[in-house]
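These notes are about the structure you will find just below.
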Amino acid sequence: MGSDAIVVRGLSFAYRDRPALAGIDLTVAPGEIVGLIGPNGSGKSTLIRLVSGALDGFDGEIHVMGLDVATTPQRELARALAVVPQEPRFGFPFTALEIVLMGRHPHLAGLAFESEADVALARDALERCGAAGFADRPIHELSAGERQRVVFARALTQQPRVLLLDEPASFLDIRHQVELYDLVRQQAHDQNVAVLSVLHDLNLAAEYCDRIVLLREGRVAAAGPTDEVFSYANLTEVFETEVYVDTNTLTGKLLVMPLSGRVQRKLRED
Amino acid sequence: MLTARRLTLCCLGFLVLLLAALAVGVSFGSGEVSLGDLWNDGLSERHQAILFQIRIPRVLVAALLGGALSIAGVSFQALLRNPLADPYVLGVSGGASIGGVVALTLIELPALAARIPQPLIVPVFAFAGALGALVLIERIATVGGRLTVYTVLLTGAIFNAFSAAVIYFIQSLASLEELHAIVFHLMGRVREMAIGWIGALAVAILIPATLLVTQGRSFNALSTGEEGATQLGVDTERLKRRTFILGALLTGIAVAMAGLIGFVGLVVPHLLRLWLGPDHRLLLPVSFLGGAAFLVLADTLARVLTAPNELPVGVVTALVGGPFFLLLLRRRGASHGF
């Protein structure tokens, strides 16, 4: 296990009798950003949910900061690990600040109220996520992108050693996507937080991820440093579509463009 | 945002409101005696009897039941993440109704005819019915060791429909006199109790209510969904099971003691949520106090409006609560989404 923040070994899981993941091995070290990439239904979100302790009945082992996810009380786990889900849900009209303060829940004793330090932490997180302006607005009056920033601020307020992100940028405009991932990078590199993130945007992944795990039909198709995994061969095989691959002349990182059906047909004819 | 100071102030405010409601409840009734007379030397024995054996026990029971229904309502709303849930959605009230009606027709009415008073037989049977329903619904709704909210809701709805059918069946066999008693029992009527029994009732209601109050912050987290709450460190399975059992116990006690008093568990939490915000740490205790005050006042109206005859208090709560609720929804609901 060593010093890795997330260790997954021989992980298999099925929803009733439909297998979702088979024999997954994966590690994330503190300070590292690992991207989970794969087509729809390849098991990315399931893997995130399993590591977070939200699903039980899996085979294999999952350890987070040395805690066995299968047996550790959820409260203890939530002090080490925070999740930004794909589609956060809100049942009652709490304000953005109240939602962010929920991140203190695992740290607060039984009937305790949030201290001034907790509130300062929450306001600071809102500020850093560019959400301070709507701290006192009811969450359901905010746009999807604004909500996502609030939920990310909540994850920061949880002060985790491990961050699990399930498409945290899916509703964000390009400016806020970059700002969010800059924050993720800052958490990883300055605070030594381990990050495991599902991403659909391959260019964002190429820019921000230290390593990539490519999933396909519940199995690891390829894993390793981003530059090695993101090859034309790997991407076309896993996603089963033609892509245009180039190098970003500004950063030297990979640049990927999907190609339309018309272009793909033309390529095949040539 | 909720602070300990705001919580204390709000609770004190609602405590004062409840005390005022109790004073009003004690002061009005069909006999001419009021709270002020307590301090007069010339209080006759008959007036003392009215105050201490009828009115004071009555308002205390009304307060306890109103609090129980209201806090059960908030808890079920939190459990189902639906502001329109009321204490009766989970079906336990159906079991209590069957138990109560059976005891009423088979034991209490024949006993009354033979002049042998059986003051607690209906509540005891009704509570047994509630417990039976609780165990049954919990068993049916637990799938693979997990209490599934949808299954609970469906099981509750079906159980309520089934118990309504059982009661119609009993009613169709009943005499006119029995029918009248059944209808009155089901429409909700606060029973007078000996002071000694009220202590027991208070313990039976305050213990589950206090346990629910301590779950406030977990309920807040639960509003982000079961998975969201789990990821915030809540033991969601334990919270759901606890809430179902405690809320069902409170509902069972209330229905056993007073039949189906509607609207208290829906209107009071709703109004307070609109007014004070959704934080359950505040909403739970304040709903208990507010629900208590509401039912004391409604029961006073039920006693006074058509004195010396008494209206079923469930009719009063629905007549007052329904239109008020609609008005509220039109004014605030549109902008709030809730």
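A short reminder: the numbers here are calculations on the coordinates, not readings from a lab. Treat the numbers as computed from the prediction; the structure is a model and nothing was measured. As a convention, Cβ positions derive from the backbone with ideal geometry for all residues, glycine included, and neighbour counts pool all protein chains shown.
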(request) State the answer as a single residue: which of A:163, A:102, A:188 lies farthest towards the positive end of the charge dipole of chain A, with beta carbon charges of +1 for Lys and Arg and -1 for Asp and Glu, about the Cα centre. (result) A:102
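Does segment A:213-270 come out rounded, prolate or oblate, given a ≥ b ≥ c as the square roots of the eigenvalues of its C-alpha gyration tensor, rounded meaning a/c under 1.5 and, failing that, prolate meaning a/b above b/c? Can you show the working numbers first?
Values: a/c = 2.94, a/b = 1.21, b/c = 2.43.
Oblate, since a/c reaches 1.5 and b/c is not below a/b.
For segment A:1-136, calculate the relative contact order in percent as a whole number, restricting contacts to Cα pairs under 8 Å that are 6 or more residues apart. Spell out each step's value before the answer.
Working: 152 pairs, mean separation 26.1, N = 136.
Computed value for segment A:1-136: 19 percent relative contact order.
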(request) Fewest Cβ neighbours within 10 Å first, please rank B:172, B:163, B:97 accordingly. (result) B:172, B:163, B:97
(message) Straight-line reach only, C-alpha to C-alpha below 13 angstrom: list the aspartates and glutamates that residue B:240 could link to, leaving out same-chain residues fewer than 8 apart.
(response) B:138, B:226, B:227
(message) Taking the 0 to 90 degree range and rounding to the nearest ten, how far is the long axis of helix A:144-157 tilted relative to the main principal axis of chain A, both from C-alpha atoms?
(response) 60 degrees
(request) With only Lys, Arg, Asp and Glu charged, each at its Cβ (+1 for the first two, -1 for the last two), find how big the charge dipole of chain B is about the Cα centre; round to the nearest 20 debye. (result) 900 debye
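Roughly what % of DSSP beta bridges within the protein assembly as shown run antiparallel, to the nearest 5?
Numbers: 28 of 45 bridges.
Taking every DSSP beta bridge within the protein assembly as shown, about 60 percent pair in antiparallel fashion.
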(request) Could you pull out every one of the lysines with an alpha carbon less than 28 Å from that of residue A:253, ignoring same-chain neighbours closer than 8 positions? (result) A:44, A:266
(request) For n ≥ 4 DSSP H runs only, could you compute -39500 (n - 2.57) per run for chain B, divide by its residues and tell me the 222 nm figure to the nearest 500? (result) -23500 deg cm²/dmol
(message) Just want the ordering: A:195, B:190, A:256, from fewest to most Cβ atoms lying within 10 Å of their own Cβ.
(response) A:256, A:195, B:190
(request) Only Lys, Arg, Asp and Glu count, each charged at its Cβ (+1, +1, -1, -1), so figure out the dipole size of the protein assembly as shown about its Cα centre, rounded to 20 debye. (result) 1220 debye
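How do A:197-209, B:84-96 rank on mean C-beta neighbours within 10 Å, highest first? Can you show the working numbers first?
Values: A:197-209: 20.9, B:84-96: 26.5.
Result, highest mean Cβ count within 10 Å first: B:84-96, A:197-209.
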(message) I need the shape label for chain B. Rule: rounded when a/c is under 1.5, else prolate if a/b > b/c, else oblate, with a, b, c from the alpha carbon gyration tensor.
(response) oblate
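If you filter segment A:30-96 for trypsin sites (Lys or Arg not before Pro), then keep DSSP loop positions with at most 13 other Cβ within 10 Å, what is left? Don't skip to the answer; put the middle values down first.
On the way: sites: A:44, A:49, A:75, A:79, A:89; in loops: A:89.
Listed in order of number, the matching sites are A:89.
Please arrange A:4, A:166, A:59 by how many other C-beta atoms lie within 10 Å of their C-beta, fewest to most.
Working: A:4 18, A:166 22, A:59 12.
With the sparsest Cβ surroundings first, the list reads A:59, A:4, A:166.
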(request) Helix by helix through chain B, keep the DSSP H runs that span 15 Å or more along the axis on Cα and average at least 1.0 on Kyte-Doolittle, and give those back in order. (result) B:4-27, B:56-80, B:92-103, B:121-141, B:149-173, B:176-187, B:195-213, B:264-276, B:280-304, B:313-328
(request) Apply 1/(1 + (r/R0)^6) to the Cβ-Cβ distance of residue B:113 and residue A:251, taking R0 = 60 Å, and write down the FRET efficiency to the nearest 0.05. (result) 0.05
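Placing unit charges on C-beta atoms (Lys and Arg positive, Asp and Glu negative, everything else neutral), compute the dipole magnitude of chain A about its Cα centre in debye, rounded to 20. Intermediate results must be reported in sequence, preceding the final value.
Values: 26 positive and 37 negative charges, 81 e Å.
The dipole of chain A has a size of about 380 debye.
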(request) First measure r as the distance between the Cβ atoms of residue B:183 and residue A:12, then evaluate 1/(1 + (r/R0)^6) with R0 = 51 Å and state the FRET efficiency to the nearest 0.05. (result) 0.30
(message) Quick query: amide H of residue A:67 versus all other amide H atoms, modeled in the peptide plane; which residues come in under 5 Å with a sequence gap of 5 or more or a different chain?
(response) none
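Test of understanding: express the Cα radius of gyration of the protein assembly as shown as a ratio to 2.2 N^0.38 Å, with N the residue count. Show your work: numbers first, answer last.
Working: Rg = 29.7 Å, N = 608, 2.2 N^0.38 = 25.1 Å.
The value comes to 1.18.
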(message) For chain A, take the longest principal axis of its alpha carbons; what is the angle in degrees between that and the long axis of helix A:174-191, to the nearest 10 within 0 to 90?
(response) 70 degrees
(message) Can you tell me which of B:159, B:288, B:127 moves the most in a GNM of chain B? Springs connect C-alpha atoms under 10 Å apart.
(response) B:159
